[in-house]
1. Is it fair to say Ala90 is more than 20 Å from Asp152 (Cα to Cα) and not in a loop (DSSP other than H, G, I, E, B)?
2. Could you check Ile194 against (1) within 16 Å of ligand 2 (Cβ to nearest atom); (2) outside any loop (DSSP other than H, G, I, E, B); (3) at pLDDT 95 or above and say which number it fails?
3. Among the residues of the stretch 133-150, write down those that are part of a loop (DSSP other than H, G, I, E, B), surrounded by 18 or more Cβ atoms within 10 Å (Cβ to Cβ) and at pLDDT 95 or above.
4. So, in the stretch 202-230, of the ones that are of a type in the set (A, V, I, L, M) and farther than 19 Å from Asp18 by Cβ, which residue ends up surrounded by the most Cβ atoms within 10 Å (Cβ to Cβ)?
5. What's the total number of residues in the stretch 99-132 that are within 20 Å of Ala19 (Cα to Cα), open to solvent by 20 Å² or more (accessible area, probe 1.4 Å) and not in a strand (DSSP E or B)?
6. Give the residue, chosen from Ile195, Ile247, that is touching a Ser or Thr at 6+ places or on another chain (Cβ under 6 Å) and open to solvent by less than 40 Å² (accessible area, probe 1.4 Å).
7. Anything in the stretch 14-52 that is modelled with pLDDT under 85 and among the aliphatic types (A, V, I, L, M)? List them, or say none.
8. Only one residue in Glu224, Glu172 is in contact (Cβ under 8 Å) with a residue 24 or more places away in the chain, within 22 Å of Thr38 (Cβ to Cβ) and acidic (Asp, Glu), so which one is that?
Amino acid sequence: MSALTPDRVAHAARLAADARHVCVFSGAGMSAESGIPTFRDALTGLWENYDPADLASPAGWRRDPDLVWGWYRERAAALRAVAPNDGHAAIAALGRRKERDGGRVSIVTQNVDDLHERAGSVVDAHLHGSLLGPRCEACAFRGDPELSLAIDRPRCPQCAASLRPDVVWFGEVLPESAWDTAVAAASACDLMIIIGTSGVVHPAASLPTIAADSGASIIEVNPEPSALTPLATVYLESTAAAALPAIS
Ligand code: BV8
Ligand code: ZN
């Protein structure tokens, strides 16, 4: 049972209604109620003996590319079988309402799924890439989502080099344009809504501090306190699908 206290819900709903520019900052918890395991829970079944930070790393890829490719292929296939949840829908509805009223909602996500988009939102920055479509290790080729489901690792049709998941691994720099867009949104928003992130992966986890230092109010939605909870103007100890429809 989530601790959605009426006073906190009312406070968060007022902040959301009054804000001109909302920046949504989402993590794996945003997709949990759609059936996508959070990053730390992602290693179930076949993968339970592996460390996510190792599979999601250049060293892990170099050591066993077929194993890492298989992990991403399974995640890409699992994503096709699920749907956006009420939290994604609430964020999309908030975006439409803000657009109508001359405001805006920016979405900055750490997630590599497309559930915000499938709920009708435009995502301004995918900080850590996407499961949908591999990219070439040597040239600018990017494949379509079908290629992510290939059983055997595909070769680049343009230069025959190896294709890899189009995600940012630990130890890799974030895409410059995504990071710049995210910092601009965090700096310009008057409200940041943090949803479902443990707030331990950097530099993404520094965005809420940028927002707070720029004078934004912060709402956090998470059934457990996170590293970011101390920054929250309002902390909703609840899940994305329960809390977001109630405040937006
Ligand atoms: C970089 C793509 C620099 C791949 C991902 C020491 C200190 C500080 C930093 C570092 C350090 N050592 C190394 C670093 C840097 C490192 C880092 O931050 N490490 C951490 C672990 C200490 N960062 C990097 O390497 C980044 N790059 O720094 O480059 C650089 C400079 C020069 C040259 C080279 C490099 C790159 C990081 C990106 C890694 N890739 N994803 C893939 O998906 O496979 S990160 C991946 O993990 C996710 O994308 C996500 O960002 C992260 C997991 O975090 P969350 O999303 O928060 O998910 P998590 O499971 O942790 O938590 C879920 C939360 O949801 C929980 O709080 C839970 O309570 C809540 N929840 C659960 N259910 C619900 C819910 N909430 C709401 N509703 C629910 N229903
Ligand atoms: Zn190529």
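The values are calculated or read from the model by the stated rules, or taken from the named source; none is laboratory data. Because the structure is predicted, anything quoted here is derived from the model rather than measured. Neighbour counts run over all protein chains shown; Cβ positions are idealised from the backbone, glycine included. We work out accessible area using only protein heavy atoms, side chains counted, and drop any ligands, DNA or RNA first. Shrake-Rupley method; radii C 1.70, N 1.55, O 1.52, S 1.80 Å.
1. Working: more than 20 Å from Asp152 (Cα to Cα): yes; not in a loop (DSSP other than H, G, I, E, B): yes.
In short, yes.
2. Looking at each condition in turn, Ile194 falls short on (1).
3. Pro134
4. If we filter the stretch 202-230 for residues that are of a type in the set (A, V, I, L, M), which is where we start, we get 204-205, 207, 210-212, 216, 218-219, 221, 227-228.
Filter again for farther than 19 Å from Asp18 by Cβ, leaving 204-205, 207, 210, 227-228.
On the way: Ala204: 23, Ala205: 19, Leu207: 27, Ile210: 19, Ala227: 13, Leu228: 24.
That would be Leu207.
5. The number of residues fulfilling the criteria is 7.
6. Numbers: Ile247 fails: touching a Ser or Thr at 6+ places or on another chain (Cβ under 6 Å).
Ile195 is the lone residue from the list that is touching a Ser or Thr at 6+ places or on another chain (Cβ under 6 Å) and open to solvent by less than 40 Å² (accessible area, probe 1.4 Å).
7. Listed by number, the residues that qualify are Ala42, Leu43, Leu46.
8. Values: Glu224 fails: in contact (Cβ under 8 Å) with a residue 24 or more places away in the chain.
Of the residues listed, the single one that is in contact (Cβ under 8 Å) with a residue 24 or more places away in the chain, within 22 Å of Thr38 (Cβ to Cβ) and acidic (Asp, Glu) is Glu172.
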